[in-house]
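Notes to accompany the following structure.
The values are calculated or read from the model by the stated rules, or taken from the named source; none is laboratory data. In this text, all values refer to a predicted model and were calculated from it rather than measured experimentally. Cβ: placed from backbone, ideal geometry, glycine included. Neighbour counts: every protein chain shown.
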Amino acid sequence: MRALAIAWFVWSVAFAAESDPYRNAPPDGWVDLAGIRGVVLDVRYHTSANFTGAPIPGYGAAGAWLRAAPAQAIERVQHRLAAQGKALKVYDAYRPLRGTLAMVAWAERTGNVALLDDGYIARRSGHNRGHTVDVSVVDATTGVELDMGTPWDTLTSASHTRAATGDALAHRLLLKEVMEAEGWKAYWKEWWHFTFPAEGDPPARDVPYGCSEPPEGEWTAPAGWARPGWERPPASTPLPCAGG
């Protein structure tokens with residue numbers, strides 16, 4: 001019965017998700033979070049509005065996917081928040097492996113290796129396996145994010161879940177409460193970061209969101225991108241998916 005329920009959930013969410021002519025479909029059995037009613041997507045790694053100051057490889061199109069079980073848990077979290085007049089905002093979900101490697105290369109070439117050592121940037125991440133998310137809470141009517149004390153991806157001790165006071169602390173604890181109620185595990189150093197227990201040992205994936213990006217298994221890291229002075233090549237023009 002559980003397998004049938006998951007299969008129905010995957011089909012129904014995929015059916016409801018808006019199509020993007022530049023975005024790949026998620027892997028078989030995975031879920032596009034854009035199809036979950038009420039969930040707000042704000043995929044910053046598709047843009048320069050992230051800690052690296054540039055779009056991240058693998059995010060040639062804005063998207064947020066998860067494996068089926070964690071996606072179902074996200075839907076349950078959204079139901080909890082909706083009952084309070086709030087909604088879940090997703091900054092990041094599945095992350096192509098090339099995206100994680102790009103973050104590591106950025107840290108190494110910019111002298112920010114301490115972010116790797118201190119656990120703010122992972123060399124291998126649950127995001128790559130499709131069961132980790134970066135999330136926040138917004139007012140469901142206005143779409144305005146609740147005061148969390150720091151912006152998402154502030155990679156300092158100010159983002160530790162308990163390193164806040166007043167409304168900001170209350171909002172962080174609200175997010176932690178509703179996520180943990182549906183099986184997610186909080187990461188204490190980043191108030192936005194949660195991981196869902198994985199069944200078995202799911203592999204890291206490198207399926208890109210954008211159709212114009214090299215497919216899984218064909219991408220290679222740019223030469224010298226972890227060395228100081230490396231310059232990012234000009235962005236290429238996105239191409240629609242075949243038949244898009």
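What to note about this one:
- Glu177 passes every criterion in (1) closer than 18 Å to Lys89 by Cα; (2) surrounded by 12 or more Cβ atoms within 10 Å (Cβ to Cβ); (3) free of Cβ contacts under 8 Å to residues at least 40 places away in the same chain apart from (2).
- Per-region count, the range 56-87, residues part of a strand (DSSP E or B) and over 20 Å from Val144 (Cβ atoms): 3
- The range 191-244: number of residues that are part of a strand (DSSP E or B), under 16 Å from Arg98 (Cβ atoms) and out of contact with any Gly (no Cβ under 6 Å at 6 or more places or on another chain): 0
- For the range 164-179, the count of residues that are within 19 Å of the chain's Cα centre (by Cα) and assigned to a loop (DSSP other than H, G, I, E, B) is zero.
- Number of positions in the range 114-144 that are surrounded by fewer than 21 Cβ atoms within 10 Å (Cβ to Cβ), touching a residue at least 12 places away in the same chain (Cβ under 8 Å), of a type in the set (A, V, I, L, M) and closer than 17 Å to Leu41 by Cβ: 2
- Of all residues in the range 41-55 being part of a loop (DSSP other than H, G, I, E, B) and aliphatic (A, V, I, L, M), the one that is farthest from Pro234 (Cα to Cα): Val43
- Sole exception among (1) under 15 Å from the mean Cα position of the chain (by Cα); (2) of a type in the set (D, E, K, R); (3) in a helix (DSSP H, G or I) for Asp134, by number: (3)
- Subset of the range 84-139 (residues that are within 21 Å of Leu66 (Cβ to Cβ) and of a type in the set (Gly, Ala, Ser)): Ala87, Ala93, Gly99, Ala102, Ala122, Ser125, Gly126, Gly130, Ser136
- Residue within the range 207-220 that is surrounded by fewer than 21 Cβ atoms within 10 Å (Cβ to Cβ), at pLDDT 95 or above and under 26 Å from Leu81 (Cα atoms) present: no
- Just one of the listed residues (Leu81, Leu97) is out of contact with any strand residue (DSSP E or B) (no Cβ under 9 Å at 6 or more places or on another chain) and either closer than 19 Å to Gly183 by Cβ or buried (at least 18 other Cβ atoms within 10 Å of the Cβ) (or both), namely Leu97.
- Output for the range 145-159, where each listed residue is in a loop (DSSP other than H, G, I, E, B) and either surrounded by fewer than 16 Cβ atoms within 10 Å (Cβ to Cβ) or at negative phi (or both): Leu146, Asp147, Met148, Thr150, Pro151, Trp152, Thr154, Leu155, Thr156
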